[in-house]
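This report refers to the structure that appears directly beneath it.
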């Protein structure tokens with residue numbers, strides 16, 4: 001009966017919609033971007049634009065690099081040399097590659113120096129590290145979260161705590177993973193991830209960029225002050241969110257209500273734009289790069305433009321152990337954790353953050 | 001430039017999505033069977049009819065995208081009918 005009840009229930013999902021203005025000193029837009037660490041896909045849509053400006057194009061081409069390293073022993077990320085070279089000097093992110101958050105052991109390094117291990121029960125018991133049960137494990141605890149604060153450990157490398165962690169990861173239960181790594185360095189250090197992990201077959205990768213021009217696109221009419229929309233006046237934030245997803249999936253929105261295949265259409269009221277530029281960057285993208293892109297898009301309206309608004313959407317890795325900050329993230333049925341900015345020509349913005357069933361409410 | 005509406009507002013929508021979306025793929029034992037989008041949709045409707053009768057066959061279902069080569073599609077269903085849709089998709093073998 002419980003199984004039947006669960007099947008009948010729709011998976012819980014949350015959509016947080018905020019509106020504010022970039023110029024206000026209490027605006028949290030930068031903070032929320034910086035707190036979302038593991039970004040897989042960044043897309044922006046600019047109506048009434050056929051070609052990207054030189055600045056935007058070069059920015060988009062500069063959203064990497066990131067690195068891929070196979071079979072990296074986990075203890076390499078807790079050595080004092082790694083912490084001093086990368087974790088303390090800039091922001092270093094890492095995420096295990098091709099590991100499923102609900103089934104496999106998964107590791108993530110956050111820019112604040114926290115190493116998050118999401119381990120299955122057997123591995124957790126074998127490592128002997130101290131952790132807590134996963135929030136989304138169900139009645140039978142099958143997953144454990146072990147947070148390791150590298151900044152705290154590095155304060156005293158002779159401490160028993162550091163010795164224990166080091167011994168657990170190096171000798172008691174040595175774990176190896178394929179990792180995606182990226183580092184935003186602050187300063188002029190010469191060291192690079194490529195040279196540091198050269199003995200582990202590290203490869204440099206660049207995010208994949210796809211640009212297209214959409215013709216005769218029906219776009220919803222929005223008013224920055226009306227998050228809920230107005231009947232006959234403007235569309236609501238959730239309607240815009242659904243519409244944007246359809247645009248990204250290349251869904252045909254010119255359907256009649258009696259069409260057999262699909263009745264999906266653009267929310268009303270809407271206007272047709274002759275052309276719109278859609279650009280997508282896919283890879284392991286640092287929040288710092290997204291902040292720079294957001295700033296550049298903010299300044300799109302410094303000169304008068306035909307477009308009333310533009311959007312910037314960011315999707316997180318479905319198998320990341322965290323969503324925003326250190327909030328635990330689980331997969332359940334979709335593993336989605338994403339956010340979307342709608343930037344208006346008066347510098348008001350909407351920020352939409354969406355998560356699935358195995359997530360806390362976005363901040 | 002339009003006047004700015006600078007007041008902060010935050011709304012949390014819980015389970016408010018009118019629709020759910022599914023990416024599905026139909027696999028046949030024999031390769032080389034090509035279905036048009038209309039045939040694909042008809043197949044889904046007849047499966048719903050077999051399982052849930054006329055009411056099931058009338059469930060709102062949109063095939064948002066369809067790729068003939070792989071028989072894969074993105075479907076849109078009303079959220080309140082999601083449990084039925086999940087049942088029939090499992091049974092049809094998608």
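The values are calculated or read from the model by the stated rules, or taken from the named source; none is laboratory data. Everything quoted here is computed from the prediction, not taken from an experiment. Using ideal geometry, Cβ is built from the backbone for each residue, glycine included, and neighbour counts are taken over all protein chains shown.
Overview of results
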{"read-out": "Hits in segment A:167-205 - residues which are surrounded by 14 or more Cβ atoms within 10 Å (Cβ to Cβ) and without any contact (Cβ under 8 Å) to a residue 40 or more places away in the chain", "value": "A:192"}
{"read-out": "Selection within segment A:169-196 - out of contact with any helix residue (DSSP H, G or I) (no Cβ under 7 Å at 6 or more places or on another chain), within 15 Å of residue A:82 (Cβ to Cβ) and at pLDDT 95 or above", "value": "A:179, A:182"}
{"read-out": "Qualifying residue in segment A:46-64 (condition: in a strand (DSSP E or B), under 21 Å from residue A:282 (Cβ atoms) and touching a residue at least 40 places away in the same chain (Cβ under 8 Å))", "value": "yes"}
{"read-out": "Which numbered condition residue A:75 fails, given (1) touching a residue at least 24 places away in the same chain (Cβ under 8 Å); (2) in contact with a strand residue (DSSP E or B) (Cβ under 9 Å, 6 or more places away or on another chain); (3) assigned to a helix (DSSP H, G or I)", "value": "(2)"}
{"read-out": "Counted residues, segment A:10-27 - those being within 7 Å of chain B (Cβ to nearest Cβ), over 13 Å from residue A:334 (Cα atoms) and assigned to a loop (DSSP other than H, G, I, E, B)", "value": "1"}
{"read-out": "In segment A:186-242, the residues that are at positive phi and in a loop (DSSP other than H, G, I, E, B)", "value": "A:187, A:201, A:229, A:232"}
{"read-out": "Failed item in (1) in contact (Cβ under 8 Å) with a residue 40 or more places away in the chain; (2) within 24 Å of residue A:358 (Cα to Cα); (3) surrounded by 17 or more Cβ atoms within 10 Å (Cβ to Cβ), with residue A:242 passing the rest", "value": "(1)"}
{"read-out": "Matching residues in segment B:18-37 - criterion: being away from chain A (no Cβ under 14 Å) and part of a loop (DSSP other than H, G, I, E, B)", "value": "B:26, B:27, B:28, B:29, B:30, B:31, B:32, B:33, B:34"}
{"read-out": "So residue A:292, is it within 30 Å of residue A:50 (Cα to Cα), within 14 Å of another protein chain (Cβ to nearest Cβ), over 12 Å from the mean Cα position of the chain (by Cα) and at pLDDT 95 or above", "value": "no"}
{"read-out": "Among the residues listed as A:360, A:319, the single one being outside the structural domain of residue A:57 (by the TED database) and under 30 Å from residue A:119 (Cα atoms)", "value": "A:360"}
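Okay, residues lined up against (1) loosely packed, with under 14 Cβ neighbours inside 10 Å; (2) not assigned by the TED database to the domain that holds residue A:338:
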site: A:50; (1), (2): yes, no
site: A:81; (1), (2): yes, yes
site: A:86; (1), (2): no, yes
site: A:116; (1), (2): no, yes
site: A:127; (1), (2): no, yes
